[in-house]
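The structure appears below as structure tokens.
The values are calculated or read from the model by the stated rules, or taken from the named source; none is laboratory data. Everything numeric in this text was worked out from a predicted model, so none of it was measured. Cβ sites come from the backbone with ideal geometry, for glycine too, and all protein chains shown count toward neighbours.
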Amino acid sequence: MKKFGLSFLNVFLLTFMLLIFGPAEIFFANATEFEFVYGEFAGYLAAAAAGVALAVGGILALLPDKLHRLAMSVVFGISLAGYLQVMFLNGQLDLLGLNPEGYQVQTGAAVGNLFIWLLVMASIIVLAFVKKEIWKNVVKFGAGFLLCIQAVALVSLLVTARDEAYHHKTQEWHLTGEDQYAVSARENVILIILDYFSNQRLLEVQAEYPEVMDCLHDFTYYNNTDCNYYGTFPSITHMLTGKKVDASIPVNEWFYNVWTDPDTVSFYEKLRENDYVVNIYSPDAHHLCGTNDVEIINTCFSNVTNSSRTVDVFYKLLFKTITKMSCYRMAPEMLKNAFYTAGSEYADIITYEDDVIRHNNADFYRGLLEQGLTADKKSNYLIVQHLLGTHEYTTTADCVQSPKTSLEDTVRGCMVMVEEYLNQLRQLGVYDDSTIIITADHGDMVDSQVIFYIKEPGVKRETTAETNAPVSLHELRPTIAQAAGLDASLFGQTIYEFSENQQREREVWVRDSDTRYTIVQNYAEDRIGYANIYKVYRYTGDYSDLLQRIEQEQYDVVQMVDSFF
């Protein structure tokens, strides 16, 4: 019975860390990023943790003494090393699948981390066979201590969490995807944002597939386009409002200020006066509003609604994803990539039956094939389609969802999707009169220049035109204004006001974490933010000039009040 008690205690410690405390800590630290609630997984995983501990503990208790000590040493060693990993060795770990390359760690760091794990394991195993009684106390009281301190932390998480962590809102302001495949039979300005798609990534793909962008033969490619900001926040909001980020105020306050600013309100009012319906299709309104109510963008976008939604939970994917994220959090550096969880994996857990917004490349493409575009004769349309792009390498060359593909296949799949969209515009007879812009909200931290293609009404070419005019996403809003028949000068300079080979100073803001500056909280959760400063790189010329500034670390520092990520 004593052997079973020791076995159960140690196995339960491990399952508690992986299936109860780990998922809870991940969830409550990032609750605003998830659409599921705590009760949809907590009870099931707790039952699984207890069941596995009882079953495995019972089996291990039947082992001969020496094998039992070895097994207990391995189980406790994994728990202890995993605890050290989470508490002291993980650093600023990307839990939300933000990196399309997966988990990246230098070989030296991975080897050093593995050495710590092996040292912990070896010490406990040696103790088991050299000092049996001491070993028994270490394993028994050590497991009890780790279990108790994490149980106390769990209780703290449960009682301090906000109400929305426990309940779905049956009715709330949100973006609806009901008309995602609708366009105007009259005039269209269509903005397709392929997330995380830089010029350098395009060049890498074109080296192997030079024809990949051939479907854009009627477009002009601006090959020297600066994204201004690294990250979907604040880039998309900046693109659509023209407002620079203000890191001296809280993130939520900045969101509220820019969307209620008279200049922003005027821009969208003038579009409506020109008979434009303005729809934005982005999967996560937090990138537009933070934790402000989505009602703050109701005066700007036509597809904001306060209707109720029917929630559908994919439980099997929920359990798999949250457990995988917990293993990733606890695993040694060398094994983390095996458990790395891409953002789209947890994004698919919750679906809405009636007004889902299709963001994944393959989902959007499938909708094009199944539903097709339809034309509305009543209004002009400004459409913002924010799609996954190359943020994850999960798209095949035929634009089908796959767990792991490559940059090359993902880009080819994106262009299959874009070409189908353009072809359906042609079939509806609205392509020729449409202004179509294909760009990205940001690139990588280094290759931060982004693709920017534009087709003006009536333009026909055999091959894509190209210019190195030094433009940026700051010129997007005035360019849209001009395309929609507004006075663009009211909102700034358009891309057409910059010429080939022109010298112009631009800047890109890259978020970073630097312990020399004050560490800040996340803007929405009770945890430390992943960043606390912006590095502002200023350059004149093209990407090579920007890269030189980055390599020489020539930047200004702007400190944050709080961190979006």
Item checked: So residue 37, is it in contact (Cβ under 8 Å) with a residue 40 or more places away in the chain, in contact with a helix residue (DSSP H, G or I) (Cβ under 8 Å, 6 or more places away or on another chain) and closer than 17 Å to residue 143 by Cβ -> no
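Taking residue 525 as the residue in question, decide whether it is out of contact with any Leu (no Cβ under 9 Å at 6 or more places or on another chain) and at pLDDT below 95. If you could, list the steps in order and put the result at the bottom.
Working: out of contact with any Leu (no Cβ under 9 Å at 6 or more places or on another chain): yes; at pLDDT below 95: yes.
Considered against the rule, which asks whether it is out of contact with any Leu (no Cβ under 9 Å at 6 or more places or on another chain) and at pLDDT below 95, residue 525 comes out as yes.
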Next item on the list: Hey, could you check segment 504-536 for residues that are crowded, with 20+ Cβ neighbours inside 10 Å and closer than 15 Å to residue 224 by Cβ and say which is farthest from the chain's Cα centre (by Cα)?
Entry: 506
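Please go through segment 444-461 and give me each residue that is surrounded by 21 or more Cβ atoms within 10 Å (Cβ to Cβ) and either at pLDDT 95 or above or closer than 19 Å to residue 280 by Cβ (or both), ordered by number.
First pass over segment 444-461, keeping only residues surrounded by 21 or more Cβ atoms within 10 Å (Cβ to Cβ): 448-455.
Passing the criteria: 449, 450, 451, 452, 453, 454, 455.
Scan segment 380-396 for residues that are over 14 Å from residue 190 (Cα atoms) and either charged (D, E, K, R) or over 18 Å from the mean Cα position of the chain (by Cα) (or both) and jot them down.
We begin by selecting, within segment 380-396, every residue over 14 Å from residue 190 (Cα atoms); these are 388-396.
Within segment 380-396, 392, 396 meet the criteria.
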Next item on the list: Check whether at least one residue in segment 426-446 is assigned to a strand (DSSP E or B), more than 16 Å from residue 360 (Cβ to Cβ) and touching a His at 6+ places or on another chain (Cβ under 7 Å), and report yes or no.
Entry: no
Margin query: Condition (residue is assigned to a loop (DSSP other than H, G, I, E, B), within 27 Å of residue 324 (Cβ to Cβ) and modelled with pLDDT of 95 or more) applied to segment 367-387: is it met by at least one residue?
Written below: no
Notebook entry, point to check: Do we find a residue being in a helix (DSSP H, G or I), more than 22 Å from residue 144 (Cα to Cα) and not charged (D, E, K, R) anywhere in segment 9-27?
Noted result: yes
Notebook entry, point to check: Quick one: what pairs do we get from segment 349-370, first residue closer than 22 Å to residue 440 by Cα, second modelled with pLDDT of 95 or more and of a type in the set (Asp, Glu), C-beta under 8 Å, 6+ apart or different chains?
Noted result: 365/420; 368/420
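Take the residues in segment 318-355 that are of a type in the set (A, V, I, L, M, F, W, C) and closer than 22 Å to residue 196 by Cβ, then tell me which one is modelled with the lowest pLDDT. Before you say what the answer is, go through the steps one by one.
Here is the first cut: in segment 318-355, the ones of a type in the set (A, V, I, L, M, F, W, C) are 318-319, 322, 325, 327, 330-331, 334-335, 338-339, 342, 347, 349-350.
Filter once more, so that each one left must be closer than 22 Å to residue 196 by Cβ: 325, 339, 342, 347, 349.
Working: 325: 92, 339: 92, 342: 81, 347: 75, 349: 85.
Among them, the one singled out is 347.
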Check: So which residues in segment 316-366 are charged (D, E, K, R), in a loop (DSSP other than H, G, I, E, B) and crowded, with 19+ Cβ neighbours inside 10 Å?
Finding: 358
Next item on the list: State the number of residues belonging to segment 55-69 that are surrounded by 15 or more Cβ atoms within 10 Å (Cβ to Cβ), touching a residue at least 40 places away in the same chain (Cβ under 8 Å) and not charged (D, E, K, R).
Entry: 5
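Inspect all residues belonging to segment 416-430 and state whether any of them is of a type outside the set (Ser, Thr, Tyr) and under 30 Å from residue 551 (Cβ atoms).
No, that holds for no residue.
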Notebook entry, point to check: Is one or more of the residues making up segment 187-200 over 27 Å from residue 424 (Cα atoms) and of a type in the set (Asp, Glu)?
Noted result: no
Next item on the list: Check segment 183-203 and report whether any residue there is surrounded by fewer than 15 Cβ atoms within 10 Å (Cβ to Cβ), in a helix (DSSP H, G or I) and modelled with pLDDT of 95 or more.
Entry: yes
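Pick from segment 127-182 the residues that are of a type in the set (S, T, N, Q) and surrounded by fewer than 17 Cβ atoms within 10 Å (Cβ to Cβ): which of them is nearest to residue 426 (Cα to Cα)?
Within segment 127-182, the subset of a type in the set (S, T, N, Q) is 137, 150, 156, 160, 170-171, 176, 180.
Narrowing further to those that are surrounded by fewer than 17 Cβ atoms within 10 Å (Cβ to Cβ): 137, 156, 160, 170-171.
Details: 137: 75, 156: 58, 160: 54, 170: 40, 171: 38 Å.
Residue satisfying both the conditions and the ranking: 171.
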Checklist line | Which listed residue is outside the structural domain of residue 186 (by TED's automatic domain parsing) and of a type outside the set (D, E, K, R), from 384, 450, 418 | finding: 450
Notebook entry, point to check: Looking at (1) polar (S, T, N, Q); (2) in contact with a helix residue (DSSP H, G or I) (Cβ under 9 Å, 6 or more places away or on another chain); (3) in contact (Cβ under 8 Å) with a residue 60 or more places away in the chain, which is the only condition residue 30 fails?
Noted result: (2)
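Looking at the structure I just gave you, is residue 393 in contact (Cβ under 8 Å) with a residue 12 or more places away in the chain, assigned by TED's automatic domain parsing to the domain that holds residue 234, among the aromatic types (Phe, Trp, Tyr) and in a loop (DSSP other than H, G, I, E, B)?
Values: in contact (Cβ under 8 Å) with a residue 12 or more places away in the chain: yes; assigned by TED's automatic domain parsing to the domain that holds residue 234: yes; among the aromatic types (Phe, Trp, Tyr): yes; in a loop (DSSP other than H, G, I, E, B): yes.
Taking the combined requirement at face value, the residue satisfies it.
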Next item on the list: Would you mind listing the helices (runs of 4 or more DSSP H) fully within segment 212-298 where at least 1 residues are at pLDDT below 95, in contact with a strand residue (DSSP E or B) (Cβ under 7 Å, 6 or more places away or on another chain) and within 19 Å of residue 391 (Cβ to Cβ)?
Entry: none
